[in-house]
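**Q** Structure below; questions to follow.
The values are calculated or read from the model by the stated rules, or taken from the named source; none is laboratory data. Everything numeric here is computed off the predicted structure, so don't read it as measured data. All Cβ positions, even for glycine, are placed from backbone atoms using ideal geometry, and neighbour counts span all protein chains on display.
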Amino acid sequence: MTEEKRKLMDENGIRTDGRRWDELRPLKMEVGVVRNADGSALIEWGKNKIIAAVYGPKEMHPKHLELADRAFLKCRYHMAPFSVDERKNPAPSRREIEISKVIREALQPALFLEDYPRTAIQVYVEVLQSDGGSRVAGITASALALADAGINMRDLVVGCAVGKVDGKIVLDLNDTEDKEGSGDLPYAFMPNLNQVTLLQMDGLFTLDEFKQALDLAKVGGMKVYKLQREALLKRYFSGGGPETSTSTTEMMEEA
Amino acid sequence: MPSKSFVVETIKRNQIIEALSKGKRLDGRGLGELRKLEIKTHVIEKANGSAMVSLGNTQVLAGVKIDKGIPFPDTPNKGLLIVGAEVLPMAAAYLEAGPPDESAIELARVVDRGVRESEMIDVASLCIKEGKWVYSVFCDVNILNVDGNLFDATSYAVVSALLTAKMPKFVLENDVVKDTGERVPLPVHKIPISVTIANINNTLVLDPTEEEEAVMDARITLDTDDGGNLCAGQKGEPGSFTPEQIITAAEWSIARGREIRQKIKEAAGHG
């Protein structure tokens, strides 16, 4: 982590984007945005714009990797070349491969894969615009897309990052805080089962700060969970139903 | 996509889980006990630093090569420190040669993060001419034999090799980088120690063997520095932890980390 170049929090505890330590960035979710997919969701979290789409259960390719007793969960996290300040090479980077793996492992505990033997369930996470915390936003959207696809689930999975900025533990880092802050802790959990399914960390945390960070991630995550549930309910219980799904074009407003 | 991996028989799986329910492990260790850790440094003469580490039957070899290099544009006055890890196809029966799969990429990136985030090496002092020339430190690890907990074995090898590395002293003469022939140690600030804990059927075990990894639900790797601070972490595998289990893992990591750091310091002959 690079040393902090400028102050990321003023004397009143206000962060670079005007938030307090325990506030989330503006967060919006919509379920059912990719018509062809079995399930999908768009999440706009700060400047993040991420679509998750789920196909499956479907036939497993390659066939010899299919599992006799459960579905094979596949996950691809990918960033669009235009999603960051400098154009990103579209080929999957080592970072994207690692994130694909941890997202898959964060979602898997919530799924009853044993209900779909010999099949594949594919989760695509496409980052159209990236801000801090794209992996946790991707997980949050993926859980919605899986629910939308009707995959049997034990619980939703909620992602939420915490971090350390100017020596303080803060909720939901933005891009600047992620790059210039002194610690980042992406976190995902199943809110009703109280199980942590993703935890990564860099930076420096004392044991007390670490405990504080885990508590804050949970408090913040519960706010995300509330919006996640509302997005699902809106899709299925607001008189609309799956046939009247919005398209991505309708959903994304002009910047 | 998960590649081929070690398969453990159902009967062994049941044995491991049953023993754990009584607080025992098949190899007789306590739940929070590390396997025998052996470290031998200076094993490769042509490397600037090297270390052979065995953790139980897991064996890894780290080698450091230091040269002049070109800095990244966003950090023009900082040296390069790059950690790579390769699981050799010879290291287990089920492995095959080929490009690194996602597990090998995760391994290299998690070990790299531990060394980087702890700021073990003061990269700011590895600058020769800002924007033009810096020292480049490559630490590459070959995994020779796999028996679980590659994360920690690899990390110990990297840390030991960096601690014993001697870098060439370069000077700038008429805008040309020259090797003075002098050899000096790397600017080491801190010693990060990685500790990996597996969750098997809701029992936490430290330093899992390959058999234990084959039955584990999830694993968590936490790195601590000399001050007992946590400096990097990664949860892996498709299971989960309760928040309380994560705190326990952090406490284990801090306590065991102290003992392991001492052992590595002795092996590397470091202050």
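**Q** Just to check your reading of the model, which residue among A:Ala110, A:Ala106, A:Ala52 is closer than 17 Å to A:Val158 by Cα, crowded, with 22+ Cβ neighbours inside 10 Å and more than 13 Å from the chain's Cα centre (by Cα)?
**A** Testing whether each residue is closer than 17 Å to A:Val158 by Cα, crowded, with 22+ Cβ neighbours inside 10 Å and more than 13 Å from the chain's Cα centre (by Cα) leaves just A:Ala110.
**Q** Can you tell me which residue is surrounded by the most Cβ atoms within 10 Å (Cβ to Cβ) among those in segment A:155-169 that are among the hydrophobic types (A, V, I, L, M, F, W, C) and under 13 Å from A:Lys211 (Cα atoms)?
**A** Checked segment A:155-169; the qualifying residue surrounded by the most Cβ atoms within 10 Å (Cβ to Cβ) is A:Val162.
**Q** Can you spot a residue in segment A:98-114 that is in contact with a Gly (Cβ under 7 Å, 6 or more places away or on another chain) and either among the polar types (S, T, N, Q) or more than 13 Å from every other protein chain (Cβ to nearest Cβ) (or both)?
**A** The answer is no; no qualifying residue exists.
**Q** In addition: So which of B:Ala249, B:Ala161 ends up being within 14 Å of chain A (Cβ to nearest Cβ) and under 19 Å from the mean Cα position of the chain (by Cα)?
**A** B:Ala249
**Q** Just a yes or no: is a residue in segment A:72-84 away from chain B (no Cβ under 12 Å), out of contact with any Cys (no Cβ under 6 Å at 6 or more places or on another chain), assigned to a loop (DSSP other than H, G, I, E, B) and surrounded by 18 or more Cβ atoms within 10 Å (Cβ to Cβ)?
**A** Checking segment A:72-84: at least one residue is away from chain B (no Cβ under 12 Å), out of contact with any Cys (no Cβ under 6 Å at 6 or more places or on another chain), assigned to a loop (DSSP other than H, G, I, E, B) and surrounded by 18 or more Cβ atoms within 10 Å (Cβ to Cβ).
**Q** What are the residues in segment B:117-137 that are surrounded by fewer than 21 Cβ atoms within 10 Å (Cβ to Cβ) and within 14 Å of another protein chain (Cβ to nearest Cβ), if any?
**A** B:Glu119, B:Asp122, B:Ala124, B:Ser125
**Q** Output the residues belonging to segment B:225-246 that are within 9 Å of chain A (Cβ to nearest Cβ), under 19 Å from B:Ser118 (Cα atoms) and not small (Gly, Ala, Ser).
**A** The answer is B:Asp225, B:Asn229, B:Leu230, B:Cys231, B:Gln234, B:Lys235.
**Q** Suppose the filter is within 18 Å of B:Leu150 (Cβ to Cβ) and away from chain A (no Cβ under 14 Å); does B:Asp67 pass it?
**A** Judged against the criteria, B:Asp67 is not a match.
**Q** Given (1) buried (at least 24 other Cβ atoms within 10 Å of the Cβ); (2) in contact (Cβ under 8 Å) with a residue 24 or more places away in the chain, where does B:His270 come up short, assuming only one miss?
**A** With respect to (1) buried (at least 24 other Cβ atoms within 10 Å of the Cβ); (2) in contact (Cβ under 8 Å) with a residue 24 or more places away in the chain, B:His270 is out only on (1).
**Q** Now a separate question. Taking the residues in segment B:84-95 that are touching a helix residue (DSSP H, G or I) at 6+ places or on another chain (Cβ under 8 Å) and free of Cβ contacts under 8 Å to residues at least 60 places away in the same chain as candidates, determine which candidate is surrounded by the most Cβ atoms within 10 Å (Cβ to Cβ).
**A** B:Gly84
**Q** Let me ask something else. Output the residues belonging to segment B:93-104 that are small (Gly, Ala, Ser) and either in a helix (DSSP H, G or I) or modelled with pLDDT of 90 or more (or both).
**A** B:Ser103, B:Ala104
**Q** Within segment A:31-49, is even one residue closer than 29 Å to B:Val110 by Cα and in a helix (DSSP H, G or I)?
**A** No, segment A:31-49 contains no residue that is closer than 29 Å to B:Val110 by Cα and in a helix (DSSP H, G or I).
**Q** Name the single residue, out of those in segment A:2-30 being in a loop (DSSP other than H, G, I, E, B) and of a type in the set (A, V, I, L, M), that is nearest to the other protein chains (Cβ to nearest Cβ).
**A** Only one residue tops the list, namely A:Leu8.
**Q** Taking B:Val87 as the residue in question, decide whether it is hydrophobic (A, V, I, L, M, F, W, C) and either within 19 Å of A:Asp202 (Cβ to Cβ) or at pLDDT below 95 (or both).
**A** Yes, satisfied.
**Q** Which residues, taken from segment A:195-210, are within 7 Å of another protein chain (Cβ to nearest Cβ) and more than 22 Å from the chain's Cα centre (by Cα)?
**A** A:Leu204, A:Phe205, A:Thr206, A:Leu207
**Q** Residue under question is A:Ile97, and the condition is that it be in contact (Cβ under 8 Å) with a residue 60 or more places away in the chain and either assigned to a helix (DSSP H, G or I) or within 22 Å of B:Ala108 (Cβ to Cβ) (or both); does it hold?
**A** Judged against the criteria, A:Ile97 is not a match.
**Q** Please verify whether A:Val34 is within 16 Å of A:Gly133 (Cβ to Cβ) and under 20 Å from the mean Cα position of the chain (by Cα), treating the condition exactly as stated.
**A** no
**Q** Hey, among B:Leu230, B:Leu222, which residue is buried (at least 23 other Cβ atoms within 10 Å of the Cβ) and touching a Phe, Trp or Tyr at 6+ places or on another chain (Cβ under 7 Å)?
**A** Step by step, each of B:Leu230, B:Leu222 is checked, and only B:Leu230 is buried (at least 23 other Cβ atoms within 10 Å of the Cβ) and touching a Phe, Trp or Tyr at 6+ places or on another chain (Cβ under 7 Å).
**Q** Among the residues that make up segment A:56-65, is at least one of them within 14 Å of chain B (Cβ to nearest Cβ), among the aliphatic types (A, V, I, L, M) and under 26 Å from B:Thr242 (Cβ atoms)?
**A** Checked segment A:56-65: no residue is within 14 Å of chain B (Cβ to nearest Cβ), among the aliphatic types (A, V, I, L, M) and under 26 Å from B:Thr242 (Cβ atoms).
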